[in-house]
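Chemist: Dumping the structure here so I can ask a few things about it.
The values are calculated or read from the model by the stated rules, or taken from the named source; none is laboratory data. Worth saying up front: this structure is predicted, and the values here are computed from it rather than measured. When we count neighbours, we look across all protein chains shown, and the Cβ atoms used for this are built from the backbone with ideal geometry, even at glycine. Areas reflect the complete protein model, heavy atoms only, side chains present, ligands, DNA and RNA absent. Shrake-Rupley method; radii C 1.70, N 1.55, O 1.52, S 1.80 Å.
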Amino acid sequence: MRTARLYWIDPYISDFNAKVEYINGKEVVLDGTYFYPQGGGQIYDTGTISEIRVVKVRREGDLIIHTLESEPNFQVGSVVECKVDWSRRYKIMKLHSSAHLLYYAMQEEFGEECRPASPGLTDDVKSREDYIFKEKIDLQRLRRVEEKVNTLIAANLNIHTWSEGETRYWKIEPYPPMLCGGTHPKKTGEIGAVKVSRGKKPGAGKERIEVTLLA
Ligand SMILES: [Zn+2]
């Protein structure tokens, strides 16, 4: 058994039908899904399957497991109507992609003075990225990081994503590709303007940089 990861084929599809492959209590596996499971610094999608709330989505090996709010009203073999909560997912896509842009802007502004710490997490409210800093962070320079991110967004660059075997890649010109299995819009302009700010300090020598959408 294997769930087709349809969100990689078209991250803009939110309404779809799928065949139920497996049910265990409130957990459901479909033959293919557009629901993104938690991973790669991006939170899981929510929505409905056969009008029952999907409260969590996770990946286990080749399977994507949807946890429903209540027991399914369908059986294995049923074809069910599925809806990803699109307004939430689209915000996550935009914020998640702005975390990639933040990475480049941080590199350009701070270079060797900082490096990414543990993987960040993006939900539909903000993207949180932790960096290890050699010196105290200069907030004037963080303003320049915000400007750089917004310049990359305003340039409306094409976002390329592709698979090589099991590995997914993300790229915008002129930067080198990054490994990423998340979901992204087609162009950076879709993100709209963002605010980059300093979050609650996650530990000694570390800074949490947060990105929120202005629109
Ligand atoms: Zn990504």
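Chemist: Leaving out ligands and nucleic acids, and using a 1.4 Å probe, what accessible area per residue does segment 4-84 come to in Å²?
Modeler: On a per-residue basis, segment 4-84 sits at 46 Å².
Chemist: Now for a different question. From the phi angles alone, apply the Karplus equation (6.51, -1.76, 1.60; θ = phi - 60°) to segment 49-56 and give each ³J(HN,Hα) in whole Hz, x where the residue is Gly or Pro.
Modeler: With the stated coefficients, segment 49-56 comes to 10, 6, 6, 9, 4, 8, 9, 7 Hz.
Chemist: Another one. Excluding ligands and nucleic acids, what accessible area in Å² is computed for R128 using a 1.4 Å probe, to the nearest 10?
Modeler: Accessible area, nearest 10 Å²: 60 Å².
Chemist: Still on this structure, I have one more. Place the peptides 106-114, 43-51 in order of packing, highest mean first, counting for every residue the other Cβ atoms within 10 Å and averaging per peptide.
Modeler: 43-51, 106-114
Chemist: For G181, what is the net charge nearby, where nearby means another residue's Cβ is under 13 Å from its Cβ and Lys, Arg count +1, Asp, Glu -1?
Modeler: So the environment of G181 carries a net charge of +1.
Chemist: Work out from phi, with θ = phi - 60° and the Karplus expression 6.51 cos²θ - 1.76 cosθ + 1.60, the ³J(HN,Hα) of each residue of segment 144-161, listed in order in whole Hz, and give x for Gly and Pro.
Modeler: 5, 4, 4, 4, 5, 4, 5, 5, 5, 5, 5, 5, 6, 6, 6, 9, 9, 10
Chemist: Near the amide H of T46, under 5 Å away, which other amide H atoms are found, from residues 5 or more places off or on another chain, if H is placed in the peptide plane?
Modeler: D85
Chemist: Grab the DSSP H runs of the chain that are 4 residues or longer, score each as -39,500 (n - 2.57), total them, divide by all residues and round the 222 nm result to the nearest 500 deg cm²/dmol.
Modeler: -7000 deg cm²/dmol
Chemist: Around I153, with a cut-off of 14 angstrom between Cβ atoms, what is the net charge of the other residues, counting Lys and Arg +1 and Asp and Glu -1?
Modeler: Local charge sum for I153: +2.
Chemist: Output ³J(HN,Hα) for segment 189-200: one whole-Hz value per residue in order, computed from phi by the Karplus curve 6.51 cos²θ - 1.76 cosθ + 1.60 with θ = phi - 60°, and x for Gly and Pro.
Modeler: Going residue by residue, I get x, 4, 5, x, 6, 10, 10, 10, 9, 8, x, 5 Hz, with x marking Gly and Pro.
Chemist: Below 12 Å, Cα to Cα, which aspartates and glutamates can K83 reach? Residues fewer than 8 away in the same chain don't count.
Modeler: D15, D45, E51
Chemist: Tell me which of A99, T151, V211 sits at the most positive position along the dipole axis of segment 89-213, charges placed on C-beta atoms (Lys, Arg +1; Asp, Glu -1).
Modeler: Final value for the positive-end residue is V211.
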